[in-house]
Amino acid sequence: MLERSVAWMLSIPAKQLINLPPLTVKTNTPLLKAGALMLTHDLNQIAVVNSDGVLVGVVGHKTMAKHLPRFIL
């Protein structure tokens, strides 16, 4: 059973697991808004793009927790 599960995970291409279109925020999106999107869509991370739509990074829930005020969390 475990061998079959591992074989399946090794055979499935990433393109079958991605969300299209990807959920992104721009570099100037307020952190609170990005966090709300992550909560709404049950995401641990959200992609950050520049004004041209080019990926510049990712913000994760741990980073959010460090920077959002305690009373919001």
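Every number in this text was worked out from the coordinates using simple rules, so none of it is lab data. Predicted model only: the values in this text are computed from it and were never measured. Glycine also receives a Cβ, built like all others from the backbone with ideal geometry; neighbour counts cover every protein chain displayed.
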Report task. Give me the number: length gained by fully extending LYS66 to LYS15, i.e. 0.36 nm times residue separation minus the C-alpha to C-alpha distance, one decimal in nm. Result -> 15.2 nm
**Report entry** Viscosity 0.692 mPa s, 37 °C: Kirkwood-radius Stokes-Einstein D of the chain over Cα pairs, µm²/s
**Finding:** 230
Report task. Rounded to the nearest 0.05, what FRET efficiency do SER51 and TRP8 give with R0 = 35 Å and r taken as the Cβ-Cβ distance? Could you check? Result -> 0.30
Query raised in the report: List the aspartates and glutamates whose alpha-carbon lies under 16 Å from that of LYS62, not counting same-chain residues fewer than 8 positions away?
Result: ASP42
Report summary line: With the charge dipole of the chain built from beta-carbon charges (+1 for Lys and Arg, -1 for Asp and Glu) about the Cα centre, the Cα from GLY35, PRO21, GLY53 projecting farthest to the positive end belongs to GLY35
Query raised in the report: What list of ³J(HN,Hα) couplings, whole Hz, do you get for the range 43-52 from phi and the Karplus terms 6.51, -1.76, 1.60, once you set θ to phi - 60° and write x for glycine and proline?
Result: 9, 8, 9, 9, 6, 10, 10, 7, 5, 8
Query raised in the report: Which order do peptides 27-34, 44-51, 12-19 fall in by mean Cβ count within 10 Å, highest first?
Result: 44-51, 27-34, 12-19
